[in-house]
Amino acid sequence: MDNWFRSIVESRHQHAKEWKQRTGRKVVGYFCSYVPEELIYATGAMPVRIMGSLRPTELAEAHIPSMYCSFCRDVLAEGLAGSYDYLDGIVMAKSCIHLEHAFEVWGLNIPASFKYYLPMPWVLDSPEARKYYLTELKRFKDSIEGWSGKAITEQALDKSIKTHNRYRQLMHQLYDLRKSNPPLISGLEAAEIALASMLSDKQEFMPHLEKAIKELPASPNRPKTGVRLMIAGGENYDLELFKVLESLGANVVIDELCMGSRYFWNSVVIPSPLRGEGEGEGAVQNKLEALADRYLCRPPCPAKATPMPRYEYLLSLVRDFQAQGVLLIQQKFCSPHALDIPDLSRFLNEHGIPSYTFELDITLAKGQLRTRTEAFLEMLELEPV
């Protein structure tokens, strides 16, 4: 596989700094995949997902409780250490209270000329949710326009939406390569590409993605047949998780993670403009409404109430990718997923899908994961390679 993806993930800060110097454009970090990247990108800035370093988090624990989830402590520690000193702005969409607190502490302690908190409805299918969220998107648009000094025109927003939609289509093509048995690419390769996509300019990223889609199926190092696993749950940017699972002979054929399929699964659907709305403010309004619909109806995380039957959606992924079992991962002290996983596990069991829950901390307990996953594979009556 093209080592470009790995280099982005491993050297993401250096990559962003070099991009910024080369293009003369701004870089905006975002804390949650509910942030509408299309509006940031339409100003010419590059949005990047803020991630941690998987190292001890003492710096963060001087500001937020140690019983906050490991992801929040990790990203805040990375910021306080100065690793994100190149960011021109930060954006947070309403999420869990732990991550919101990390965003607030970041804003108080780490210089950035643009800081924005984007409110979102929690009950996404309430009668007023769309109207409320659309109002907030307009406010965000106005704010980032004023900060960047660049108006988000209909043409700029249209180009940004088309770029992101094309990226999402390509990611679907990449993930479809995992439907065959054995998969044409490994779960590790797919996860590496997904993470790299959140850390790079989508226009520059897509040629590498197109090349990977073309070349990976012909690779001599294709996965061998093994138990087909799905990973679902909270944030994960630790690629060791995939390495350990696949070293046991398992094939991670699909994920339902916010740093995986949940990030790109649905596109922005722009309806035909009404009469008189073909250009100018009417066209911008049309596209903002389409953006609102995309983020309100995307595959949700457990921190949201949603019109999409989330469990049925997850079950459809299990069936489409022929997963034989589901590994449910939970960041330590993550309340939304801790409340969600027992019901999800029961739901899967009712539909004949075995599942196992594994708790993640800052660093992956490889030995425990290996031992427990082997037991899970035995429960599935499949021997690890």
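Of all residues in segment 332-383, those being free of Cβ contacts under 8 Å to residues at least 40 places away in the same chain and among the basic types (Lys, Arg) number 2. Scanning segment 80-103 for residues that are over 22 Å from Gln14 (Cα atoms), in contact with a strand residue (DSSP E or B) (Cβ under 8 Å, 6 or more places away or on another chain) and not basic (Lys, Arg) returns Met92, Ala93, Leu99, Glu100, Phe103. Among the residues making up segment 357-385, a single one is within 17 Å of Phe71 (Cβ to Cβ), among the acidic types (Asp, Glu) and at pLDDT 85 or above: Glu359. Every condition in (1) of a type outside the set (D, E, K, R); (2) within 20 Å of Lys162 (Cβ to Cβ); (3) at pLDDT below 95; (4) touching a Cys at 6+ places or on another chain (Cβ under 9 Å) holds for Pro307 except the one numbered (2). Residues that are among the hydrophobic types (A, V, I, L, M, F, W, C) and farther than 22 Å from Asn266 by Cβ do not occur anywhere in segment 116-133.
Would you call Leu199 touching a residue at least 60 places away in the same chain (Cβ under 8 Å) and under 12 Å from the mean Cα position of the chain (by Cα)? It is true that Leu199 is touching a residue at least 60 places away in the same chain (Cβ under 8 Å) and under 12 Å from the mean Cα position of the chain (by Cα).
Residues are listed down the side, and each one gets a yes or a no for (1) within 22 Å of Trp19 (Cβ to Cβ); (2) of a type outside the set (Val, Ile, Thr); (3) surrounded by 22 or more Cβ atoms within 10 Å (Cβ to Cβ):
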residue: Gln173; (1), (2), (3): no, yes, no
residue: Pro182; (1), (2), (3): no, yes, no
residue: Glu204; (1), (2), (3): yes, yes, no
residue: Glu210; (1), (2), (3): yes, yes, no
residue: Gly226; (1), (2), (3): no, yes, yes
residue: Leu229; (1), (2), (3): no, yes, yes
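Residues in segment 227-241 that are under 16 Å from the mean Cα position of the chain (by Cα), more than 19 Å from Asp340 (Cβ to Cβ) and of a type outside the set (A, V, I, L, M): Tyr237, Asp238. Val326 fulfils the conditions (1) under 30 Å from Phe140 (Cβ atoms); (2) surrounded by 20 or more Cβ atoms within 10 Å (Cβ to Cβ); (3) not acidic (Asp, Glu) except for a single criterion, (1).
The values are calculated or read from the model by the stated rules, or taken from the named source; none is laboratory data. Because the structure is a prediction, the values reported are computed rather than measured. Quick reminder, even Gly has a Cβ in these numbers, built from the backbone with ideal geometry, and neighbours come from all protein chains shown.
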